[in-house]
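The values are calculated or read from the model by the stated rules, or taken from the named source; none is laboratory data. Here the structure is a predicted model, which is why all the values come from computation and not from measurement. Here the Cβ is made from the backbone with ideal geometry for all residues, glycine too, and neighbour counts use every protein chain on show. Heads up: the accessible areas ignore ligands, DNA and RNA and are worked out on the full protein's heavy atoms, side chains in. Shrake-Rupley method; radii C 1.70, N 1.55, O 1.52, S 1.80 Å.
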Amino acid sequence: MERSMSADVNIIYKILCLWGKPKTYADLSSDYKQHTNEWYSPHSWEKVLNELNVILSQNGAPPLSALVVSLGTNEPKLSFWSGGASNVPALPNNPLQRTLLWQNLVNDINHYSWPSQLTDKKE
């Protein structure tokens, strides 16, 4: 029986809104455990973070999960760029362009007026 990711996207939204700067997948796991007393592996976040970006894109908001980065690269994983949310641009082949694009996304996130609650237009 496969255990599906059941982390609450609304809690993740609140955590990321509090961050204000990039942190690691391990930080997200720790912060989520602090908020909910539930533990998820740092390697288990891709699906729910992509889900968050899709919801945000439907509301015209930047991809908040750009704040979640790999410890080794200090940038989002490849799954961030390929998650299918319309607010995430295509992954540039050039590493410098990728870094600049990601820094622009982080800047957009920091200048966006985030609502206190995540609203899903699909409801």
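Six or more apart or on different chains, Cβ under 8 Å: which pairs go from a residue in region 47-72 that's more than 12 Å from Tyr13 (Cα to Cα) and open to solvent by 50 Å² or more (accessible area, probe 1.4 Å) to one that's assigned to a helix (DSSP H, G or I) and of a type in the set (Phe, Trp, Tyr)? Could you list them?
These pairs meet every condition: Leu71/Tyr25.
Looking at region 28-42 only, could you name the residues that are part of a helix (DSSP H, G or I) and either touching a helix residue (DSSP H, G or I) at 6+ places or on another chain (Cβ under 8 Å) or of a type in the set (Gly, Ala, Ser) (or both)?
Those that are part of a helix (DSSP H, G or I) and either touching a helix residue (DSSP H, G or I) at 6+ places or on another chain (Cβ under 8 Å) or of a type in the set (Gly, Ala, Ser) (or both): Leu28, Ser29, Ser30, Asp31, Tyr32, His35, Thr36, Pro42.
What is the residue count in region 1-11 for residues that are surrounded by 12 or more Cβ atoms within 10 Å (Cβ to Cβ) and either in a helix (DSSP H, G or I) or without any contact (Cβ under 8 Å) to a residue 24 or more places away in the chain (or both)?
The qualifying residues number 3.
Quick one: Asp31 ticks every box in (1) without any contact (Cβ under 8 Å) to a residue 40 or more places away in the chain; (2) charged (D, E, K, R); (3) open to solvent by 70 Å² or more (accessible area, probe 1.4 Å) except a single one, so which number is it?
(3)
Would you mind stating whether Lys14 is at negative phi, open to solvent by 30 Å² or more (accessible area, probe 1.4 Å) and modelled with pLDDT of 95 or more?
In short, yes.
What are the pairs, 6+ residues apart or on separate chains, where a residue within region 79-98 that is under 15 Å from Ala66 (Cα atoms) has its Cβ under 9 Å from a residue that is among the aromatic types (Phe, Trp, Tyr) and open to solvent by 80 Å² or more (accessible area, probe 1.4 Å)?
Listed by first residue and then by second, the contacts come to nothing, as the list is empty.
In region 79-107, which residues are in a helix (DSSP H, G or I) and open to solvent by less than 80 Å² (accessible area, probe 1.4 Å)?
Ser79, Phe80, Trp81, Pro95, Arg98, Thr99, Leu101, Trp102, Leu105, Val106, Asn107 - these are the residues of region 79-107 that are in a helix (DSSP H, G or I) and open to solvent by less than 80 Å² (accessible area, probe 1.4 Å).
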